[in-house]
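The structure appears below as structure tokens.
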Amino acid sequence: MQDNQESPDAEQGDIFGSNRVGYASGPFIEEKHRVTGLYEELKTLELEKHIADLSMYGYTIVPPEKIMPAGYITELRDAVLKVSEKRSGVTPDQETGKTHVGSQHPLGQFMRKVLFEDPVFEPLITHPIILGLVSYLTGYNTLLSLSDAMVKGPGGAMLPIHNDNGDKTTAVYPDKPQSATVNLLLSDYEEGCGSIAFLPGSHNFRREPTPAELQDAIPEMAPVYAPAGSAIIWNSNTWHMALPRENPGLRVTLLYLFCRGHLQTQSSFRDSVTDDILARNPPRFAQLMHKYGVLPFGKEDIDVEKAKAGSKRYSLFDCHPLWKDFYQLE
Ligand SMILES: O=C(O)CCC(=O)C(=O)O
Ligand SMILES: [Fe+2]
């Protein structure tokens, strides 16, 4: 399904929406798209349980068999390890993890903006399930804010309890999540692996943990144990932490953050995405890169054509061919 609806303000000469029928406010159009377009597709993908998890726990774990073919998990892990070697000059030791022992950084070797380092990462940006659940959390006009990778070895620091909202000064966050986070596991998460752990239901607090909670809530945190290829998706308000790794070997993870379309992204993708990359990906890829963002203004007012291209709505199934094969969409 491709409804190709345009969101408010996209009509040429109708920046303020004055030509719309009286009830068609911006939120009306957004909600209508959610219930008639997005929700139907989420149901086709059998994601009801994951929507319930996001509502109740603030996070959900989608198993590998629902996410990707086994061979692709290996390709992604190899690609992350190649980036690791390129950026550090050291060949990662997957067996013992001795190349990554005792990292001072609580995420291990933390690599920013890996998306354009290998084309193998590109299909994930329009993955129907990942993008579907992210859009459920942060709206159709969500933007890719981070595309990072982590390689964590034995020892090292604990990652303290935090949320990923990024707002350190507002007392109470808005009721809708402003961002959504995804961790795609490229190694098995099991006891001793240095896994992520969540406080179920903490998305409802909509605030930073207090200094006392940083310590006292630790026993309440629920670790995630799940096989390589699983995707953990969460409302960025959900409190989480990561334990130090005790086992030998390496924990390998891709990390994505998506923010609502009115926010500033943490990495800039529109500056570095090339025309070739845009041409080989579906149209929503360019929207997620913020290619049609009309801000910041110079001396010119809003570029209506750009806004129009940016507000076209595409189906989740208008995705990378890899997923069309995997979900037998054609
Ligand atoms: O290292 C981890 O498991 C946690 C990463 C994290 O905090 C995040 O992806 O937001
Ligand atoms: Fe985090």
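Read-outs: derived from the displayed coordinates by stated rules, not from any lab. Quantities reported herein were computed from a predicted structural model and do not represent experimental measurements. Note: ideal-geometry Cβ built from the backbone for every residue, glycine included; neighbour counts use all protein chains shown.
Just to verify a result, which residue in segment 219-230, among those that are hydrophobic (A, V, I, L, M, F, W, C) and closer than 20 Å to residue 56 by Cα, is surrounded by the fewest Cβ atoms within 10 Å (Cβ to Cβ)? In this case the residue turns out to be 222. Residues that are in a loop (DSSP other than H, G, I, E, B), polar (S, T, N, Q) and surrounded by 16 or more Cβ atoms within 10 Å (Cβ to Cβ) within segment 140-171 comprise 141, 142, 163, 165, listed in sequence order.
Taken together, 219, 244 contain a single residue that is farther than 22 Å from residue 179 by Cα, more than 16 Å from ligand 2 (Cβ to nearest atom) and of a type outside the set (Val, Ile, Thr), which is 219. Of the helices (runs of 4 or more DSSP H) lying entirely inside segment 219-330, those containing at least 2 residues that are small (Gly, Ala, Ser) and touching a residue at least 24 places away in the same chain (Cβ under 8 Å) span 304-311. Among the numbered criteria (1) more than 12 Å from ligand 1 (Cβ to nearest atom); (2) crowded, with 18+ Cβ neighbours inside 10 Å; (3) over 30 Å from residue 294 (Cβ atoms), which single criterion is violated by residue 216? For residue 216, the exception is condition (2). Of the listed requirements (1) more than 16 Å from ligand 1 (Cβ to nearest atom); (2) within 13 Å of the chain's Cα centre (by Cα), residue 60 misses just one: (1). Considered as a group, the residues in segment 88-115 that are surrounded by fewer than 17 Cβ atoms within 10 Å (Cβ to Cβ) and under 16 Å from the mean Cα position of the chain (by Cα) include one that is farthest from ligand 2 (Cβ to nearest atom), and that residue is 113.
Looking at residue 120, is it of a type in the set (Val, Ile, Thr), in contact (Cβ under 8 Å) with a residue 40 or more places away in the chain, surrounded by 21 or more Cβ atoms within 10 Å (Cβ to Cβ) and out of contact with any Pro (no Cβ under 9 Å at 6 or more places or on another chain)? The answer is no for residue 120.
Suppose we filter segment 210-237 for residues that are under 13 Å from the mean Cα position of the chain (by Cα) and of a type in the set (Ser, Thr, Tyr); how many remain? Counting residues in segment 210-237 that are under 13 Å from the mean Cα position of the chain (by Cα) and of a type in the set (Ser, Thr, Tyr) gives 1. Inspection of segment 238-251 finds a residue satisfying the criterion of being within 20 Å of the chain's Cα centre (by Cα), within 11 Å of ligand 1 (Cβ to nearest atom), farther than 20 Å from residue 57 by Cα and surrounded by 15 or more Cβ atoms within 10 Å (Cβ to Cβ).
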